Structure formats: C-alpha cells, structure tokens
Amino acid sequence: RRTINVALVGNPNCGKTSLFNVASGSHEHVGNYSGVTVDAKAGHFEFQGYSFRLIDLPGTYSLSAYSPEELYVRKHIIEETPDVIINVVDAGNLERNLYLTTQLIDMNVRMVVALNMYDALQRSGNTLDIKHLSRLLGVPMVPTISRTGEGIDNLFHVIIGLYEGADFMEQKQEIQNEVLREFREWHDSYVPDHKFEGDDFETKGYIRHIHINHGPELERSIDAVKNEICRNENIRYKYSTRFLAIKLLENDKDIEQRVISQLPNAQTIIQTRDKEARRLYNVLNEDSEQAITNAKYGFITGALKETYTDVHQNKEMFT
Ligand code: GDP
Ligand code: MG
Ligand code: K
C-alpha cells in the first residue's frame, strides 16, 4: 500500500501543530518555534484504508529566502515533493495568510486550504463564501477547527480525492462512499458548470490550475524570463518554471544560485531578468520585488471583497 506524503504549510500560530496532533493522534507540544532550531515533525497514521505520512513544517509568512524557516519550507517542498500540501490558514486573518497561498499557487503544487480557526470566524459573525473564494483561487478549501478536530475528516477526504486524481473514478467502487461524497461535493462547487460524472471527469480534468494574475506588465516580464528558462528542452523541472521566473524577478538569491549552478543558459536568463526588472521600474515606478508583492495583495484584496463580509465594517457604514 502506498503512503500519501502530506506537508503542513502555513503562517505561525494558524494551528498547524494542533492539526498535526489531532490527525496523527500524537501529542506534540503546541508552542512557538524558538527560532534557534528549524525542524519538522513527522507523524504516521491510517485513514479510510490509506497510509499517511504527515509533516508539520515550521511556520512561515512567505516562501522567500529571508529566514531559515522560509528556506527550510521551500527546500522541503522542492526536494521532498509532498503528494499533497495542506496550506493551513487562519480564517480570521485571511488577508495576511493568503499571501503564502498565492506563492504556493505559483509553485503549482497539489494542495488544499484548511480554513482553520473556523470557530473564531463563526463567533465573529463575519461571513465567508468559501465556494466562491475556492473558485477564485483554484484551490479546494475545507473549514477546520483543529483544536476540536472538526472538519479534519473532510480535509483528508479531499486529500484522498486530490491524490487519486483522474484515476479516482475508476477506483470509486473500491473507495468508501464517504470519500466520494466529500470529494464530489467539493468538485461540484469548484467547477460549477461541470458536473462530476463518468468519463467526462478524466477528459476535462478536475485540477483547474489558476495563475495569480499580476497585471499585464508583470505577466509580460514573467513570461519573458520563463521563456528563457524553458529553452532548456532536455531539462525536466521538478517544479513550476513560472515560480522560478517570479523568484528571479524578486531577486531571490537562493533561486538565482540554483539557476546559475544548474542551467547552461543561466547567463542569458539573468540578463533577461535584469532587462525586465529595468523595464518594470520604468513603467511601474517600483522595483520588481515590490511590484510582485503588491500585485499579490491586490489579488487577495479583490478576492476577499467578493467573498468576505466584515460585520463591524458594515456597522460603521450605518452609524
Ligand atoms: P502553529 O503555530 O501553526 O503550529 O499553531 P498551533 O497548533 O500551535 O496553535 C496556535 C494556537 O491556536 C494554540 O493556542 C491552539 O490551541 C489554537 N488553535 C489551533 N487551532 C484552533 C482552532 O481551530 N480554533 C481555535 N479557536 N483555536 C485554535
Ligand atoms: Mg506549530
Ligand atoms: K505555535
């Protein structure tokens, strides 16, 4: 029986370790990383006839190369290639938490968002249109309360669906109904104009990968750098070349070193990056790293405007 490798990625204090404990039945200490050591805990468990290996990664706000935690998490994703990533998100702090989500989307990893601390969101009276936000991001989202364990089964049902992918329908007879129901529910809301049935599934595919749109100027530069990277036809990339292009435009030194040591046309790639960075500065009047950050927050703000209602803000409008 194959083991499904799953990694928990999310901001500090969003409930990763609590989720790890409740899913794996372990009793890891819930506390902040001291900052001195960076490591990850692994837990093993069985669910619905599947074996899982779950990794609790250190908390990060971003996937840049600015802290040991960020580098560690990124290295884990790139080198260990987990089958599915659980992006744990504090549902009460969406704007900040979804920034990391947009970077994971750039990496084109298979993932599900655990909308954790959902109890706090419910208590606040604020509302979130989960299905719509899930569609806008192109990522399935499952509300969870890792302190009590609510939603964790649903989360792992969706993970099984993601892992099984296109072969899932063929195997559906062998898979317990509960798994299929959860996954179908998510799928139907996720691709609303496409009903989940039979052969249709495989041809249309269920992963509707969405790029975060960074606006025309940035997208043009990302494409230019990406095209240069893709000239290496015989290189098989373990992760998204779009992610590489974005990281180069962010002046990410770690990715730059990887490109220089691994790609024969690194010099032309870096030259293209430099040329595009200068062009961007001229048209946008900000450096490319800042422009990318701003574009990502712009995307998040827009998505939340459509899906999130803050009761306190509404009240202010009437007083
Ligand atoms: P981590 O830093 O991401 O590993 O987060 P922890 O698992 O250490 O949790 C941080 C704090 O949030 C702890 O006090 C948890 O008890 C609490 N917590 C975790 N999940 C939930 C949840 O779903 N709801 C609520 N209300 N609190 C939670
Ligand atoms: Mg933790
Ligand atoms: K913590």
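Per-residue answers, yes or no, for (1) of a type in the set (D, E, K, R); (2) within 15 Å of ligand 1 (Cβ to nearest atom); (3) farther than 18 Å from S24 by Cβ; (4) open to solvent by less than 30 Å² (accessible area, probe 1.4 Å):
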{"residue": "D56", "(1), (2), (3), (4)": "yes, yes, no, yes"}
{"residue": "P68", "(1), (2), (3), (4)": "no, no, yes, no"}
{"residue": "M111", "(1), (2), (3), (4)": "no, no, yes, yes"}
{"residue": "S124", "(1), (2), (3), (4)": "no, yes, yes, no"}
{"residue": "P140", "(1), (2), (3), (4)": "no, no, yes, yes"}
{"residue": "I159", "(1), (2), (3), (4)": "no, no, no, yes"}
{"residue": "G165", "(1), (2), (3), (4)": "no, no, yes, yes"}
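When the stretch 1-38 is examined, which residues are found to be of a type in the set (D, E, K, R) and either more than 13 Å from ligand 1 (Cβ to nearest atom) or modelled with pLDDT of 80 or more (or both)?
Going through the stretch 1-38, the residues of a type in the set (D, E, K, R) turn out to be 1-2, 16, 28.
Once the filter is applied, which keeps residues that are of a type in the set (D, E, K, R) and either more than 13 Å from ligand 1 (Cβ to nearest atom) or modelled with pLDDT of 80 or more (or both), the stretch 1-38 yields R1, R2, K16.
Could you please give the count of residues in the stretch 1-14 that are more than 8 Å from ligand 2 (Cβ to nearest atom) and touching a residue at least 60 places away in the same chain (Cβ under 8 Å)?
Our first condition is that a residue be more than 8 Å from ligand 2 (Cβ to nearest atom); within the stretch 1-14, this holds for 1-11, 14.
So of that shortlist, the ones also touching a residue at least 60 places away in the same chain (Cβ under 8 Å) come out as 4-11, 14.
The qualifying residues number 9.
If the Cβ limit is 8 Å and pairs must be 6+ apart or interchain, which residue in the stretch 40-60 that is touching a residue at least 12 places away in the same chain (Cβ under 8 Å) pairs with which residue that is within 13 Å of ligand 2 (Cβ to nearest atom) and aromatic (F, W, Y)?
Note: pairs meeting the criteria are K41/F20; G43/F20; L54/F20; D56/F20; P58/Y33; G59/Y33.
I'm trying to understand the selection: among the residues of the stretch 287-301, which are over 15 Å from P216 (Cα atoms) and open to solvent by 40 Å² or more (accessible area, probe 1.4 Å)?
D287, E289, Q290, Y297, T301
Can you tell me which of L280, L304 is in a helix (DSSP H, G or I), in contact (Cβ under 8 Å) with a residue 40 or more places away in the chain, open to solvent by less than 50 Å² (accessible area, probe 1.4 Å) and in contact with a strand residue (DSSP E or B) (Cβ under 9 Å, 6 or more places away or on another chain)?
Selected residue: L304, the only one of L280, L304 that is in a helix (DSSP H, G or I), in contact (Cβ under 8 Å) with a residue 40 or more places away in the chain, open to solvent by less than 50 Å² (accessible area, probe 1.4 Å) and in contact with a strand residue (DSSP E or B) (Cβ under 9 Å, 6 or more places away or on another chain).
Here is a list of conditions, (1) more than 15 Å from ligand 1 (Cβ to nearest atom); (2) modelled with pLDDT under 95; (3) among the hydroxyl-bearing types (S, T, Y), and Y72 meets all of them except one; can you say which number that is?
Tallying (1) more than 15 Å from ligand 1 (Cβ to nearest atom); (2) modelled with pLDDT under 95; (3) among the hydroxyl-bearing types (S, T, Y), Y72 fails exactly one: (1).
What are the residues in the stretch 252-277 that are buried (at least 19 other Cβ atoms within 10 Å of the Cβ) and touching a residue at least 60 places away in the same chain (Cβ under 8 Å), if any?
Within the stretch 252-277, D252, I255 qualify.
Yes or no, residue by residue, for (1) part of a helix (DSSP H, G or I); (2) touching a Leu at 6+ places or on another chain (Cβ under 6 Å); (3) more than 21 Å from T301 (Cβ to Cβ):
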| residue | (1), (2), (3) |
| --- | --- |
| E95 | yes, no, no |
| L100 | yes, no, no |
| L104 | yes, no, no |
| L115 | no, no, no |
| R123 | yes, no, yes |
| K131 | yes, no, no |
| L136 | yes, no, no |
| V142 | no, yes, yes |
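Give the number of residues within the stretch 214-239 that are more than 26 Å from L284 (Cβ to Cβ) and under 20 Å from the mean Cα position of the chain (by Cα). Step through it out loud before you land on a result.
Of all residues in the stretch 214-239, those more than 26 Å from L284 (Cβ to Cβ) come to 231-239.
Cutting the leftovers down to under 20 Å from the mean Cα position of the chain (by Cα) gives us 237-239.
Summing the residues that are more than 26 Å from L284 (Cβ to Cβ) and under 20 Å from the mean Cα position of the chain (by Cα) in the stretch 214-239 gives 3.
How many residues are farther than 30 Å from N126 by Cα and within 16 Å of ligand 2 (Cβ to nearest atom) when one looks only at the stretch 36-90?
In the first step, residues of the stretch 36-90 are kept if they are farther than 30 Å from N126 by Cα; the result is 36-55, 64-83.
Now restrict to residues that are within 16 Å of ligand 2 (Cβ to nearest atom): 36-43, 54-55, 67-70, 72-73, 76.
Selection size over the stretch 36-90: 17.
The values are calculated or read from the model by the stated rules, or taken from the named source; none is laboratory data. Please read these numbers as outputs of a predicted model, since none were measured by experiment. Cβ: placed from backbone, ideal geometry, glycine included. Neighbour counts: every protein chain shown. Heavy atoms of the whole protein, side chains included, go into the accessibility calculation; ligands, DNA and RNA do not. Shrake-Rupley method; radii C 1.70, N 1.55, O 1.52, S 1.80 Å.
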